[in-house]
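Novice: Next up is a structure, given as structure tokens.
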Amino acid sequence: MNLISCEKLEKSMVEIQFSIDADTFKKAVNNAFKRESKKYAIPGFRKGKAPRSMIEKMYGADIFHYDAVNDLFPEAYEAAVKEAKVDVVGRPEPEVVSMSEADGAVLKVKVAVKPEVTLGEYAGLNVTKKVKTVEESQVEAELKRMQDRNGRMLTREGAAEDGDTVDIDFEGFVDGTAFEGGKAEHYSLVLGSHSFIPGFEEQVVGHAAGEEFDVNVKFPEEYQASELAGKDATFKIKLHEVKYKELPNLDDDFAMDVSEYDTLEELKNSIRKGIEDNNEKMADQQVENDLIEMVVNNMTAEIPQAMYDERIEELVQDFQYRISQQGLKLEQYLQYMGMNMDQFKAQFAEQAEKQVKMRLAMEAIVAKEGITASDEEFDKEVQRIADAYKMEADKVRSIVNEEAVKADLAVNKAIDFVKEKANVTTETVSDETAGQE
């Protein structure tokens, strides 16, 4: 491969032109003939036995040239990019300028590259850290959740009440005909949860275990099954069992049973402290987000669409991997959600754009400030990954790309640099005030 030229185009695109020498090209053409000749039918010859001259005469003199170009392109392109010293993103758009066994081949590609980033202000930014106050209602709500989690289910003798859990068989009918999906046995339903059609749960209230009765409802006009939307329906019910939850008293004994504390007041203080810590972390995260947004808004760069598309693909692959761990294929998920792949990818567009811009901005700060990740920091990151995935550190080290990991660590250090240099004003806000912003 010989690099001929690398020309910058608009919108972070470049045009790279390079050549492949005659000997290399001629050898590739001959290899292509040996591999592909059996595909061509020549009268008087068995497939794969016709001489090359006969195939070229019938199908064209350059019939094997394009196969040779396809074979040689990946390695030659990679070498050209390396010699041109450009950081390409996305897929190249190749074009054959010329090709012959006497002179070799000249190829031309247009490809997107990482844009040149012009940083604006990124040190000494002014930001307000808004920390939510802890409302007593939040403490009481968490205490109620703990009380509910530690309740015990008891069988109710008599009529079911709102909030009870019932075990029922049911079968639904519209115009006297049972409809698909309208039947179940020993279904557990919490009355008052509003998980069934409006009016259904209310009509179960007041009935006792052992009773059989009808529930009459009307499907909502916007019901997901269009054939049932707006229709009157009757459900035949058999009530097997009614249970209610007995909640423990909120006292010192409760605190000792569910926590390491001896009194209810100590438990409340612990809950309050946990909410305070969480509010502090959320405020810190918002400060980081605000600072990154400022840095991004202050920078200038012509970002090619290829970078956004590439990030979207990575997010899709990550999502696909996560649902595969639950035994679900992406095709099945899309079917359940009623969307095609383009609609699915569109959901990641905004996230991808933010992440690409953030990365470019931080990489520019890394370069300008000379930020690097040390070998010790790399070792710590390897150990963190090993612990997270329950692997040996040496195994992780053999898998990961050290340069890529250190680049990620440097980006994180750039974010820390921006935060350290920022002028942060702390403000305490109520939950209600924060919701109005």
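The values are calculated or read from the model by the stated rules, or taken from the named source; none is laboratory data. The shown structure was predicted, so the numbers you read here are calculated from the model rather than taken from an experiment. Cβ atoms come from the backbone with ideal geometry, glycine included; neighbour counts cover every protein chain shown. Note: accessible area is taken over every heavy atom of the protein model, side chains too, but ligands, DNA and RNA are not part of it. Shrake-Rupley method; radii C 1.70, N 1.55, O 1.52, S 1.80 Å.
Novice: In the stretch 241-275, which residues are surrounded by 13 or more Cβ atoms within 10 Å (Cβ to Cβ) and in contact with a Pro (Cβ under 8 Å, 6 or more places away or on another chain)?
Specialist: Phe254
Novice: Shifting gears a bit: Which residue pairs have Cβ atoms closer than 7 Å, lie 6 or more positions apart in sequence or on different chains, and pair a first residue in the stretch 11-22 that is closer than 21 Å to Tyr66 by Cα with a second residue that is open to solvent by 20 Å² or more (accessible area, probe 1.4 Å) and polar (S, T, N, Q)?
Specialist: Gln17/Ser5; Phe18/Asn2; Ser19/Asn2
Novice: Residue under question is Asn278, and the condition is that it be in contact with a Gly (Cβ under 6 Å, 6 or more places away or on another chain), surrounded by fewer than 17 Cβ atoms within 10 Å (Cβ to Cβ) and closer than 30 Å to Gln347 by Cβ; does it hold?
Specialist: Numbers: in contact with a Gly (Cβ under 6 Å, 6 or more places away or on another chain): no; surrounded by fewer than 17 Cβ atoms within 10 Å (Cβ to Cβ): yes; closer than 30 Å to Gln347 by Cβ: yes.
Here the answer is no, as Asn278 does not meet what is asked.
Novice: Would you confirm, using the coordinates I've provided, whether Arg46 is basic (Lys, Arg) and either open to solvent by less than 40 Å² (accessible area, probe 1.4 Å) or in a loop (DSSP other than H, G, I, E, B) (or both)?
Specialist: Values: basic (Lys, Arg): yes; either open to solvent by less than 40 Å² (accessible area, probe 1.4 Å) or in a loop (DSSP other than H, G, I, E, B) (or both): yes.
Taking the combined requirement at face value, the residue satisfies it.
Novice: Every residue in the stretch 88-126 that is surrounded by fewer than 16 Cβ atoms within 10 Å (Cβ to Cβ), among the aliphatic types (A, V, I, L, M) and touching a residue at least 40 places away in the same chain (Cβ under 8 Å), please.
Specialist: First pass over the stretch 88-126, keeping only residues surrounded by fewer than 16 Cβ atoms within 10 Å (Cβ to Cβ): 91, 93-98, 100, 102-103, 110, 116, 118, 120-121, 123-124, 126.
Checking the rest, the ones that are also among the aliphatic types (A, V, I, L, M) come to 96-97, 102, 123.
Scanning the stretch 88-126 gives Val97, Ala102, Ala123.
Novice: Look at the stretch 190-240 and say how many of its residues are closer than 30 Å to Leu143 by Cβ, outside any loop (DSSP other than H, G, I, E, B) and open to solvent by 70 Å² or more (accessible area, probe 1.4 Å).
Specialist: Residues flagged as closer than 30 Å to Leu143 by Cβ, outside any loop (DSSP other than H, G, I, E, B) and open to solvent by 70 Å² or more (accessible area, probe 1.4 Å) within the stretch 190-240 amount to 1.
Novice: Sticking with this structure for a sec: Among the listed residues Ala233, Ala208, Ala225, which satisfies the condition of being among the small types (Gly, Ala, Ser), over 21 Å from Lys183 (Cβ atoms) and in contact (Cβ under 8 Å) with a residue 40 or more places away in the chain? Walk me through it before giving the result.
Specialist: Details: Ala233 fails: over 21 Å from Lys183 (Cβ atoms); Ala225 fails: over 21 Å from Lys183 (Cβ atoms).
The conditions single out Ala208.
Novice: If we scan the stretch 24-31, do we find a residue that is touching an Asp or Glu at 6+ places or on another chain (Cβ under 6 Å), outside any strand (DSSP E or B) and loosely packed, with under 12 Cβ neighbours inside 10 Å?
Specialist: No: the stretch 24-31 contains no residue that is touching an Asp or Glu at 6+ places or on another chain (Cβ under 6 Å), outside any strand (DSSP E or B) and loosely packed, with under 12 Cβ neighbours inside 10 Å.
Novice: So in the stretch 240-296, with the set limited to residues that are without any contact (Cβ under 8 Å) to a residue 60 or more places away in the chain and among the polar types (S, T, N, Q), which one is nearest to Leu125 (Cα to Cα)?
Specialist: Filtering first and then ranking leaves Asn289.
Novice: Across the stretch 358-390, what is the total count of residues that are among the basic types (Lys, Arg) and in contact (Cβ under 8 Å) with a residue 60 or more places away in the chain?
Specialist: First pass over the stretch 358-390, keeping only residues among the basic types (Lys, Arg): 359, 368, 380, 384, 390.
Adding the requirement that they be in contact (Cβ under 8 Å) with a residue 60 or more places away in the chain leaves 368.
Matching residues across the stretch 358-390 total 1.
Novice: Can you list the helices (runs of 4 or more DSSP H) lying wholly within the stretch 315-370 that have 1 or more residues being of a type in the set (Phe, Trp, Tyr)? Full working, then the answer.
Specialist: Numbers: elements: 330-337, 341-346, 349-369.
Qualifying helices (runs of 4 or more DSSP H): 330-337, 341-346.
Novice: Continuing with the same structure: Out of the stretch 178-189, which residues are open to solvent by 40 Å² or more (accessible area, probe 1.4 Å) and not polar (S, T, N, Q)? Even if it seems obvious, please write down each step before you answer.
Specialist: Narrowing the stretch 178-189 to residues open to solvent by 40 Å² or more (accessible area, probe 1.4 Å): 178, 180-181, 183, 185-188.
Ala178, Glu180, Gly181, Lys183, Glu185, His186, Tyr187, listed by residue number.
Novice: Of all residues in the stretch 289-310, which are buried (at least 17 other Cβ atoms within 10 Å of the Cβ) and not in a helix (DSSP H, G or I)?
Specialist: Result: Met299, Ala301, Ile303, Pro304.
Novice: Which of the residues belonging to the stretch 311-367 are loosely packed, with under 11 Cβ neighbours inside 10 Å and among the basic types (Lys, Arg)?
Specialist: Arg322
Novice: For the stretch 118-174, enumerate the residues that are part of a loop (DSSP other than H, G, I, E, B) and more than 36 Å from the chain's Cα centre (by Cα).
Specialist: Here is the first cut: in the stretch 118-174, the ones part of a loop (DSSP other than H, G, I, E, B) are 119-125, 133-135, 150-151, 156-164.
Gly151, Arg156, Glu157, Gly158, Ala159, Ala160, Glu161, Asp162, Gly163, Asp164, listed by residue number.
Novice: Please go through the stretch 409-422 and give me each residue that is touching a residue at least 24 places away in the same chain (Cβ under 8 Å) and either in a loop (DSSP other than H, G, I, E, B) or open to solvent by less than 80 Å² (accessible area, probe 1.4 Å) (or both), ordered by number.
Specialist: Within the stretch 409-422, Leu409, Ala410, Val411, Lys413, Ala414, Ile415, Phe417, Val418, Lys419, Ala422 meet the criteria.
Novice: Right, next: I'm trying to understand the selection: among the residues of the stretch 49-97, which are over 44 Å from the mean Cα position of the chain (by Cα) and not in a loop (DSSP other than H, G, I, E, B)?
Specialist: Of all residues in the stretch 49-97, those over 44 Å from the mean Cα position of the chain (by Cα) come to 49-63.
If the condition is that a residue be over 44 Å from the mean Cα position of the chain (by Cα) and not in a loop (DSSP other than H, G, I, E, B), then Arg52, Ser53, Met54, Ile55, Glu56, Lys57, Met58, Tyr59 are the ones that fit.
Novice: OK, next. Scan (1) open to solvent by less than 90 Å² (accessible area, probe 1.4 Å); (2) aromatic (Phe, Trp, Tyr); (3) closer than 18 Å to Ile20 by Cβ for the single condition Tyr40 breaks and write down its number.
Specialist: The single condition Tyr40 does not satisfy is (3).
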